[in-house]
Structures are given as structure tokens and as C-alpha cells.
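Worksheet: one structure, shown below.
The values are calculated or read from the model by the stated rules, or taken from the named source; none is laboratory data. Since the model is a prediction, treat every value here as computed from it, not as a measurement. Methodologically, a virtual Cβ is constructed for each residue, glycine included, from the backbone with ideal geometry; neighbour enumeration extends over all protein chains shown. Note: areas computed on protein heavy atoms with side chains; ligands, DNA, RNA excluded. Shrake-Rupley method; radii C 1.70, N 1.55, O 1.52, S 1.80 Å.
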Amino acid sequence: MAQHFLLSANARDLSLMKLFNMSEDEAFENFKAVRWSDTNGEPVCPSCGNCSEHYFLKTRRQFRCKECNHTFSVTSGTLFASHKKPLKIYLIAIALFTNAVKSISALQFSRDLDVQYKTAWVLSHKIRESLFLNQDESKLSGVCEVDGVYVGNYIKPANNINDRIDRRKAFKPNKRTIISIRQRASDGDEVVGAVRTKTFITKSENTEDIKEAIYNSVELGSTIHADEHNGYDHFHAHFDMKRVNHGIEYKSKDGACNNQSESYNSRFRRMQYGQCHQISNLYLSNYANEIAYREDTRRMSNGAIFNDIFSKCLSTPVSNEFCGYWQGNKRVAERLGA
């Protein structure tokens, strides 16, 4: 039997020990190479776009543009702008985030990096924000699977049995649904299972919200596999629908199943129960997309994932939601439909 990819040496090409032993100058060169990869590591002024030679302020590790006299660094205009920690800390943070296949809690982050909980919380959410803002917006096609997983619907039962209510019928204002749509791998793809995932946050698994999610993210004429929930009844007119009744079977006789979406739900639950424990609806879209990213990159080596996340972080502008978070600059509304 062939060895599973994740057990092979090819899946392990990221060395934490190498990052721990890295000097600050080496970390600086890494940031420089990734930030300005299009110009072979040559700095580009974020103010005027000048690509010619700049003054280098060695003691501050900053550049000064010869054209507009603007002073900038390797993190200016990125998620790590105005950073307080050494650059090596951010490389290690991305590596820890990469290797945590079911996400990582801010408390564990703070212990591993030896930083305050507040610092770790904001840093982990900045990384999630970079993944969210750099999604592939093109539509899914071919064979797609769709399913929903409920979040925030738990009501703690009363101590005495006579005081308990039927929690299935109780009003749950914080209940949300993550609709995951996954495109199956085709014969020419290098991986098996699913290759791309899109997630949407709704207040319930209803037809109107599902319509918006599917029509905006799946090409017409594609094949969609779903369960027997009546929220998917509408799509028989525009898609080749295949349904499976999970009350009877996991896979129908004609091959209908949404096991790839169920796989997404399973990993999300493991993050929710085993790592983060409590997820706010305000940032649920970031967590949902993070698990989608981890599912889609499950057959990539940890070094390739690290480089991809690092590149996304340096191509994402300063966060409007997490820059100055603990000073009161917070998100005011949840992302529904995203």
C-alpha cells in the first residue's frame, strides 16, 4: 500500500529549528525577498512606486526613497506595519499557524511565542484576515458538494430536569449556519477529494440565503450533490442535482454524496471543540474561511503552505479591523453571506 502523502518526507519541508536559529538580519532578508518578489527583492517605494535605488538606513533597517524622500520598511503598508516584535517572531508565528492543521487558539499562540494574549489574538486574526481577503473569487464548476453546519446553537440545560426545556424548539438568536460549497477534483487534478472550497455565513439553512450563495459561486449547469434538506429543492431547474438521504445512507445508489462537505464540517468541529472552544459570530467568517483554506491545502507540504500564507500576509494592506483593536477599533457587524 502506498504511503500517505502526509506521512512522507515531502510533506515536511519547513524547519522550525531553522526559524528559531535565524538571525534578525536573515529574517529581514526573507521579508524583503517575499515582499518584493516581483522585483527580485529590490525595494519599491509604497508612496510613489519608485523602483530605483533607495537609501538604506542600516541601524533602523529602513529605506528612504530618493524620489519622494519617503521612509519605509519591509512591513510598511502590510498586515505587519508598525510591528513591535522582531521580524523573526512573525515568521515563527506563521509557521506555528501553518502546522496547526485544526487551527490554533490565541492562548496557545501566546504561550508558544511568549507574548501577551492580546498580541497573540490580534496576530492570529490578522493571519486569518489575509486568507479571507486573498480568496480565489472565480466560480466553482464541475461537480460540487454543498452542506451546512450549525454554530452557536447550544443552550445549557437547567440543573433540575423539571426546569429543562426542549432545546430543539428554543429560540436561539446567536445560531448561525456555515454553508460550505466544495468543488470535487477531476481526473486531471493532482489531488483527490475536493480542490476548492467557498464558505458563506447565514442565519439559517434557508432557500433564499442558499440561492444567493450558490448562484454567486457555482457556474450554471454544474452538478451539485446535496442532502434532502428542503433548502436545496429550488436548484433542480438550473443545476444537475443529486440528493442523498442521510437518514438512510451516506451515499445513494446513483453515487450522490456530500462527503467532502461533511469533511469540512468535521474539521471545523475539531477546531471549535478542540482548539478555540468559543467562536464569536462577529469573526465566524474568518474562522470558516480558515478551515476552507486548510482543507484545500491538505495535500501541500507545510513549507509550501508557509510560503503561501507569508506571501498573502505581505500582500494584504494594513488591517482596518485589527490595527488598534485593543484601543477600540473593532468590527461592528458580522459578515453574513461571506
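A compact table of results
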{"read-out": "Hits in the stretch 72-126 (condition: among the aliphatic types (A, V, I, L, M) and either on the phi > 0 side of the Ramachandran plot or in a loop (DSSP other than H, G, I, E, B) (or both))", "value": "V74, L79, A81, A100, V101, I104, V115"}
{"read-out": "Conditions (1) free of Cβ contacts under 8 Å to residues at least 60 places away in the same chain; (2) loosely packed, with under 15 Cβ neighbours inside 10 Å; (3) in a loop (DSSP other than H, G, I, E, B); (4) not basic (K, R); number of the one not met by E208", "value": "(3)"}
{"read-out": "The stretch 15-47: number of residues that are assigned to a loop (DSSP other than H, G, I, E, B) and over 19 Å from F80 (Cβ atoms)", "value": "4"}
{"read-out": "Long-range neighbours under 9 Å by Cβ, at least six apart or interchain, first residue of a type in the set (K, R) within the stretch 256-267, second assigned to a helix (DSSP H, G or I)", "value": "R267/I291; R267/R294; R267/E295"}
{"read-out": "Residue in the stretch 296-318 that is under 30 Å from I210 (Cβ atoms) and aromatic (F, W, Y) present", "value": "no"}
{"read-out": "Within the stretch 244-297, considering residues that are part of a loop (DSSP other than H, G, I, E, B) and open to solvent by less than 50 Å² (accessible area, probe 1.4 Å), the one nearest to K203 (Cα to Cα)", "value": "I279"}
{"read-out": "Any hit, the stretch 218-236, residues being crowded, with 21+ Cβ neighbours inside 10 Å, over 30 Å from L133 (Cα atoms) and of a type outside the set (D, E)", "value": "no"}
{"read-out": "Residue among A170, A158, A194 that is more than 19 Å from the chain's Cα centre (by Cα), of a type outside the set (F, W, Y) and open to solvent by less than 30 Å² (accessible area, probe 1.4 Å)", "value": "A170"}
{"read-out": "Which listed residue, of K102, K156, is of a type in the set (K, R) and over 23 Å from S301 (Cβ atoms)", "value": "K156"}
{"read-out": "Subset tally (residues that are open to solvent by 30 Å² or more (accessible area, probe 1.4 Å), more than 30 Å from E190 (Cβ to Cβ), out of contact with any Gly (no Cβ under 7 Å at 6 or more places or on another chain) and not acidic (D, E)) for the stretch 301-323", "value": "2"}
{"read-out": "I214, sole failed condition from (1) out of contact with any Leu (no Cβ under 7 Å at 6 or more places or on another chain); (2) over 25 Å from K102 (Cα atoms); (3) open to solvent by 10 Å² or more (accessible area, probe 1.4 Å)", "value": "(3)"}
{"read-out": "Cross-chain or 6+ apart pairs with Cβ under 7 Å, the stretch 230-243 first and within 16 Å of E219 (Cα to Cα) and part of a helix (DSSP H, G or I), then open to solvent by 40 Å² or more (accessible area, probe 1.4 Å) and β-branched (V, I, T)", "value": "H234/T207"}
{"read-out": "Set Y283, Y250: member being over 24 Å from T98 (Cβ atoms) and of a type in the set (F, W, Y)", "value": "Y250"}
{"read-out": "Selection status of E53, more than 23 Å from the chain's Cα centre (by Cα) and either loosely packed, with under 14 Cβ neighbours inside 10 Å or part of a helix (DSSP H, G or I) (or both)", "value": "yes"}
{"read-out": "Long-range neighbours under 9 Å by Cβ, at least six apart or interchain, first residue loosely packed, with under 12 Cβ neighbours inside 10 Å within the stretch 21-40, second among the β-branched types (V, I, T)", "value": "D38/V44"}
